[in-house]
1. Of all residues in segment 67-76, which are within 15 Å of Arg38 (Cα to Cα) and surrounded by fewer than 18 Cβ atoms within 10 Å (Cβ to Cβ)?
2. Mind checking which residues of segment 24-36 are part of a strand (DSSP E or B) and open to solvent by 40 Å² or more (accessible area, probe 1.4 Å)?
3. Any idea which residue in segment 1-23 is least open to solvent (accessible area, probe 1.4 Å), counting only those that are of a type in the set (Ser, Thr, Tyr) and either within 19 Å of Val63 (Cα to Cα) or over 16 Å from the mean Cα position of the chain (by Cα) (or both)?
4. Filtering segment 82-112 down to residues that are surrounded by 13 or more Cβ atoms within 10 Å (Cβ to Cβ) and aliphatic (A, V, I, L, M), which residue is modelled with the lowest pLDDT?
5. Any idea which of Ser115, Ser79 is within 16 Å of Gly10 (Cα to Cα), outside any helix (DSSP H, G or I), in contact (Cβ under 8 Å) with a residue 12 or more places away in the chain and open to solvent by 60 Å² or more (accessible area, probe 1.4 Å)?
6. Tell me which residues, restricted to segment 37-73, are out of contact with any Leu (no Cβ under 7 Å at 6 or more places or on another chain), over 14 Å from Arg96 (Cβ atoms) and not in a loop (DSSP other than H, G, I, E, B).
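The values are calculated or read from the model by the stated rules, or taken from the named source; none is laboratory data. Every value quoted in this text rests on a predicted model; they were computed, and no experiment measured them. Note that each Cβ is placed from the backbone with ideal geometry, even for glycine, and that neighbours are counted across all protein chains shown. Surface areas here come from the heavy atoms of the whole protein model, side chains and all, with no ligands, DNA or RNA. Shrake-Rupley method; radii C 1.70, N 1.55, O 1.52, S 1.80 Å.
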Amino acid sequence: QVRLVESGGGLVQPGGSLRLSCAASGTIFNFSNMGWYRQAPGKERELVALITNGGSTNFADAVRGRFTISIENAKNTISLQMNSLKPEDTAVYYCRANIRLTNYWGQGTQVTVSS
């Protein structure tokens, strides 16, 4: 069983930075891909960033060039570095791991970008 716990959310001013972390308990070394998603009020959940086991990454157009995704295998942690944040980045951010055809989700962490 895999459990994911996000942290690092909070309130930040436009133009600021935040780093989200997703700590995984259980075995994740055999994951297919892992990603960060977000859901703003009244909107559907959307993909923000994805990383495969081979290290390939993909980003939503809205965040490309501002966000980076990385995995620290030794710590079983996936991170999302968010720079140049905009008010439209405000959402609950979730991490997801796809392991052996099963998707595991964290509980989410709130990110609010406001002056």
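1. Thr68
2. Within segment 24-36, Ser25, Ser32 meet the criteria.
3. Looking at the filtered set, the residue picked out is Ser21.
4. Ile99
5. Ser115 is the lone residue from the list that is within 16 Å of Gly10 (Cα to Cα), outside any helix (DSSP H, G or I), in contact (Cβ under 8 Å) with a residue 12 or more places away in the chain and open to solvent by 60 Å² or more (accessible area, probe 1.4 Å).
6. Matches in segment 37-73: Phe59, Thr68, Ser70, Glu72, Asn73.
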